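Shown next, in structure tokens, is the structure this report addresses.
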Amino acid sequence: MSWVKVDQILDLFLPPQCVLCGQSTACRPLCAGCLADLPWLDPDCLPAAGEFDQLWSALAYEYPVDRLITEAKFAGQLSTARALGELLALRSPAGTRRPDLVIPVPLHWQRQAERGFNQAEEIARGLCRQLDWRLATGVCQRLRATPAQSKLGAAERRLNLHAAFVARPLPPALHILVIDDVLTTGATAQAVARALRQAGAASLALWTVAHAL
Ligand SMILES: [Zn+2]
């Protein structure tokens with residue numbers, strides 16, 4: 001049985017507990033105290049960069065956010081990934097324009113098959129469920145199983161990502177929100193954005209759960 005299924009089944013039977021302090025809590029993954037203690041960033045957006053007209057990250061990539069994201073990614077904690085998406089919805093910047101489509105940064109199909117899910121997609125799912133936005137998972141694809149970005153320098157990252165993504169042609173004038181777990185150099189998200197621009201996206205925003213400052 002996959003981790004994903006185990007996680008889903010456990011969710012049905014166990015009383016929800018805060019994943020950080022273990023207290024019972026009405027809302028997963030964190031109790032109100034741990035939620036308030038998270039390293040929240042200013043609700044202001046980061047300056048527009050590259051293909052993105054708007055960039056925003058909710059949290060600093062430090063403890064315990066790094067732990068939550070690692071759990072979501074490698075321990076099959078789907079509910080944690082979705083809850084991180086719900087946190088994004090909770091703290092979304094004032095005056096946010098409703099996107100026509102929400103597109104998670106895709107994994108290569110091989111990596112997604114190994115892992116059983118794409119954490120960015122589950123984060124986007126949590127966000128869309130809260131805000132009633134439209135999740136689009138089939139629009140953008142990762143063509144190559146590129147080496148992990150975290151092992152590469154900035155120039156190597158760009159090279160690594162050259163032509164790594166492709167997107168289906170889009171109807172005109174769409175505003176698209178791209179979702180990822182962590183913003184580091186932004187090279188991956190920019191490569192996704194270039195594919196979406198080529199496919200006809202009119203405007204692009206990037207939201208991530210965390211920002212590695
Ligand atoms: Zn707690």
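What follows is calculated from the coordinates using simple rules that are stated; it is not laboratory data. Predicted, not measured: the structure shown is a model, and the values here were computed from it. All Cβ positions, glycine included, derive from the backbone under ideal geometry; neighbour counts span all protein chains shown.
Close amide H contacts of Gln23 (hydrogens built in the peptide plane, cut-off under 5 Å, sequence separation of 5 or more or a different chain): Cys18.
With helices as the sole contributors, the chain gives -11000 deg cm²/dmol at 222 nm; each DSSP H run of n ≥ 4 counts as -39500 (n - 2.57), and the sum is divided by every residue. Counting neighbouring beta carbons within 10 Å and listing from fewest to most, the residues His162, His211, His175 come out as His162, His175, His211. I want to verify a result. In a Gaussian network model of the chain, Cα cutoff 10 Å, which of these has the top mean-square fluctuation: Pro172, Pro16, Pro29? Fluctuation is largest for Pro172. Taking Asp37, Asp181, Asp132 in turn, the Gaussian network model of the chain (Cα-Cα springs below 10 Å) assigns the largest fluctuation to Asp37.
At q = 0.08, 0.12, 0.15, 0.18 Å⁻¹ the log10 of I(q)/I(0) for the chain amounts to -0.26, -0.61, -0.96, -1.38, computed by Debye summation with a single uniform scatterer per C-alpha, solvent ignored. Couplings 3J(HN,Hα) for region 102-118, derived from phi with the Karplus relation 6.51 cos²θ - 1.76 cosθ + 1.60 (θ = phi - 60°), are 10, 10, x, 4, x, 8, 5, 4, 5, 5, 5, 5, 5, 7, x, 6, 10 Hz, where x marks Gly and Pro.
Restricting attention to region 38-211, close to 25% of DSSP beta bridges with both partner residues there are antiparallel.
Remark: relative contact order (the chain) = 23 percent; criterion is Cα-Cα distance under 8 angstrom and separation of 6 or more residues.
Ordering 107-116, 121-130, 182-191, 135-144 by mean Cβ neighbour count within 10 Å, with the highest value first, yields 121-130, 182-191, 135-144, 107-116. Ranking Leu78, Ala89, Ile103 by how far each Cα lies toward the positive end of the dipole of region 38-211 (charges on Cβ) leaves Ile103 at the top.
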